[in-house]
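Notes for the one structure printed next.
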Amino acid sequence: MSKQGMIGMDVAAQEMLGVGETLTDEQWHLPSGAEGWSVKDVVAHAGCLMAFLMAAVGGAAGPDMGIEELNEVQVAEKRGLDGAQTMAFVRAELAKALETFAPLQEEPLASTTAQLQDLGTYPLHAIVDMFTFDITTHLRYDILRPRGPIDFGARPLDERQLGPAVSWLLAGIPRMQRNLPKEFAGPLHLQLTGPAGTRVAISSDGASITVTPSTDSNLEPRAVLTSSTDDFLAWSTKRLPWQQLVSVEGDPDEAARFLNAINLV
């Protein structure tokens, strides 16, 4: 289950709040690395998403829109808050979210699945993995330099955040992009190095994708893609170009078809 995700979500959120404590009013309003969003918008988004998913877990029907459109609507609703109010909002939602999501790590709820807007269907225990990924990636690549505007001496990412974040992204490869199975065939091996490192085999039959431990695959990979786990957060979400972060051994064209098409959330 994703009990590690409970830790990762809290660590990621506390890190974001810690950065928020250092910001001036001018810094709150700087453009972030997330297109169209200020630093304050990015932080508010974390609280908005927590509130939305807590309501969904409680049985509330979600709006008929994709996750990106929903994010825009929610963030716009919080733009009237100042930096301190945004921090208070996120802190309050975090406390409620940790309490709400804790029971989802135990059976029978853990394996119960739910549709998360247009991201696909996931077991409920994976919600905290999503938050670990989302908050960590927004902070490290949209708020902090070099891609974001804020200069802050952040510690290197470790397994507490990278484990759940990588788990979320690997789970998203077969689920998030409807047309991705048409872009490549594989099998490809994705070798992720560093904290929470792993190696998986990725294959497509043109209609669906499978992601399995590479040790479970008897087929020789057409290409091996090697990246660090923290870089995986950046290139798989199109925040940074894969060409700078991924080494390819084997068929470069097959690798490029997959790498050019992947765009996770």
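The values are calculated or read from the model by the stated rules, or taken from the named source; none is laboratory data. In this text, all values refer to a predicted model and were calculated from it rather than measured experimentally. Cβ placement follows ideal geometry from the backbone for every residue including glycine, while neighbour counts extend to all protein chains displayed. Accessible surface is based on the protein model in full, side chains and every heavy atom, while ligands, DNA and RNA are left aside. Shrake-Rupley method; radii C 1.70, N 1.55, O 1.52, S 1.80 Å.
Using a simple spin-label model with pseudo-atoms 7 Å out from Cα toward Cβ, residue 247 and residue 107 lie 4.2 nm apart. Using the rule -39500 (n - 2.57) for each DSSP H run of four or more residues, divided by the residues of the chain, the 222 nm mean residue ellipticity is -13500 deg cm²/dmol. Put 133, 152 in order of accessible area, highest first, and with a 1.4 Å probe you get 152, 133.
Beta carbons within 10 angstrom, averaged per residue: use that to sort the peptides 45-54, 23-32, highest first.
Details: 45-54: 22.1, 23-32: 15.3.
Descending packing order for the listed peptides: 45-54, 23-32.
Return the whole-Å distance between the Cα centroid of the range 162-218 and the Cα centroid of the range 50-79. Going from one Cα centre to the other spans 27 Å. Amide H contacts under 5 Å for residue 237: 264, restricted to partners 5 or more places along the chain or on a different chain, H placed in the peptide plane at 1.01 Å from N.
Rolling a 1.4 Å probe over the protein chains gives residue 224 an accessible area of about 20 Å². Express the relative contact order of the chain as a whole percentage, based on alpha carbon pairs under 8 Å and six or more residues apart in sequence. Relative CO of the chain lands at 19 percent. Dipole magnitude for the chain: about 100 debye, using +1 per Lys or Arg Cβ and -1 per Asp or Glu Cβ, origin at the Cα centre.
Measuring how big the range 17-67 is from its alpha-carbon positions, Rg and Dmax come out at 13.9, 39 Å. Over the range 36-179, the reciprocal of the mean inverse Cα-Cα separation, the Kirkwood hydrodynamic radius, stands at 16.1 Å.
Dipole size of the range 114-241 about its Cα centre, with +1 on Lys/Arg Cβ and -1 on Asp/Glu Cβ: approximately 240 debye, rounded to the nearest 20. Nonpolar atom fraction for the chain, defined as the carbon and sulfur part of the 1.4 Å probe accessible area, stands at 51 percent.
Starting from the Cα gyration tensor of the range 47-90, take the square roots of the eigenvalues, sort them a ≥ b ≥ c, and report rounded, prolate or oblate (rounded when a/c is under 1.5, otherwise prolate if a/b is larger than b/c, else oblate). Oblate.
Rg to Rh ratio, the range 132-187, alpha-carbon atoms and Kirkwood radius? On the Cα set of the range 132-187, Rg over Rh gives 1.11.
Here residue 238 is the anchor, and the lysines within straight C-alpha reach of less than 24 Å, apart from those fewer than 8 places off in the same chain, are 40, 182. Take the chain with all the other protein chains still there, run a 1.4 Å probe, and you get 44 Å² of accessible area per residue.
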